[in-house]
Amino acid sequence: MSEAQKSTKSFVVLLILTIIFGYVGIHRFYAGGKKNVIIGVAYLIGFIVIVSVSVILTFCVIGIFGFFIPLIWYVIELILLLMGKIKDDKGTPITTATSA
């Protein structure tokens with residue numbers, strides 16, 4: 001991979017942010033770019049709404065499933081990251097690949 005194609009964003013930092021804050025989309029803000037910020041805001045709002053509704057409906061079936069939706073988002077984000085599908089603000093995939 002040439003230097004022009006290598007992202008300036010750190011894969012390790014993005015991985016750590018995804019592991020710790022994957023539920024709320026903070027890693028998307030680090031990746032940068034308009035698309036990532038919109039996705040990050042959607043995750044954050046979705047997480048707040050789903051958890052709020054789940055807490056209110058704790059004893060209902062909906063409340064129990066509400067806690068699994070962020071888990072599904074989390075797993076999907078980890079898979080996308082490990083596959084190199086998350087791109088930085090320049091559209092370059094953030095991967096572990098280094099230039100030779």
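FYI, it's all coordinate maths here, none of it is from the lab. Model, not experiment: these values are computed from the prediction. Cβ placement follows ideal geometry from the backbone for every residue including glycine, while neighbour counts extend to all protein chains displayed.
Numbers below:
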item	result
Gain on full stretching of the segment that runs from Lys35 to Lys6 - 0.36 nm per residue minus C-alpha separation	8.5 nm
For the stretch 10-82, average projected area of the Cα convex hull in nm²	4.5
Pair Ile76, Ile45: separation of 7 Å Cα→Cβ label points (nm)	1.6
